[in-house]
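One structure below.
Any read-out appearing in this document is the output of simple, stated calculations on the displayed coordinates, not a laboratory observation. Remember, it's a predicted structure, so these values are computed and weren't measured experimentally. Quick reminder, even Gly has a Cβ in these numbers, built from the backbone with ideal geometry, and neighbours come from all protein chains shown.
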Amino acid sequence: MSRTKRITLGLTAGALALGAGMGVTGMASAAETPSPSSTASASTSPADGSAAVDSGKRGGHKGDRGQLAADLATKLGVEEAKVTEAIQAFRDANKPTGTPAEGAATDGTKPDRSALDAAMAKSLAESLGVEESKVTAALEEIRAAGQAERAAALKTRLDAAVTDGKLTQAEADAVTKAVEAGVIGGGGR
């Protein structure tokens, strides 16, 4: 493989990882995005989370709290404001506490995703008065739709790179395989 193609492949893989990372970061940062206070008036800080849309979207990805709340509200048949409030309550209750100096985790490990998802489903079910299995199914559907959307966008970008001669089909297939295996990017969990 020529040096130019190796550099191009490396840059493409890096760009894909960065793009996928931005999507994951957008979802993760929703926990850090300030929410409307319960004492603020509805006209200045809507309870549906729309005040936080700009800061939570990160590049137009649908991983922000407002979109999750809207999707869950639709799937569960519950008011979006109640879902937004329940999600914020869960995130507030599960924020990492302390600083590295106080003994907080600094080893770079992430919490167990399935345990966190189960805890979120249980918390939302209790807060919203909906069966936990229904909340779990809705969360899984939303996550699967997001992954399918990201996979389609990746395929489109890779197809364009092949068409433009920036990548060979074999290189594009290798990138797709790496993303699906979770080696790079946020796919393939």
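At a glance:
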{"item": "Distance (nanometres) between label positions extended 7 Å along Cα→Cβ at V183 and K134", "result": "4.3 nm"}
{"item": "Cβ-based charge dipole, segment 127-167, positive-most Cα from G146, S127, T163", "result": "T163"}
{"item": "Over 32 Å (Cα to Cα) - which of K75/K95; K75/K166; K75/K155 fall in this group", "result": "K75/K166"}
{"item": "I184 long-range amide H proximity, modeled H, under 5 Å", "result": "V179"}
